């Protein structure tokens, strides 16, 4: 029995995101309510605390101030409702005609096929995630 308790407590230390409660959770950066899965994101800190964001722009601002303490970053999957994916595996796009929280138009998709789809649907440009994180 003790083995099971220790094992379950060990699982709590994993770096993983918390589900976002849309229309309830607020963005840690701008305090706006998180309402659209297409633009949402989450940062998990090395100590396990999570921060939720309504836009990639808000998430980037938080990252720039706390990059040394960040364990992982998750972003909303534009085409797959309420699905968060690791930023390391995502493809990023700046859609010039898209209305997004904070008005920037940054989105993430989970596959090359989805990236091709958004390029056809919205004028813009593919964004390198590392360069995006460094922008002001």
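No value in this document is a laboratory result; all are computed from the given coordinates. Just so it is clear, the model here is predicted, and its values are computed rather than measured. Please note: Cβ atoms are built from the backbone with ideal geometry, for glycine as well, and neighbour counts cover all protein chains shown.
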**Message:** Order these by the 10 Å Cβ neighbour count, fewest first: 35, 50.
**Reply:** 35, 50
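How high is the relative contact order of the chain? Use alpha-carbon pairs under 8 Å, at least six apart in sequence, and give a whole percent.
On the way: 252 pairs, mean separation 25.9, N = 136.
Relative contact order for the chain comes out at 19 percent.
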**Fill in**
Convex hull around the C-alpha positions of the chain: the volume in Å³ per residue is 121 Å³
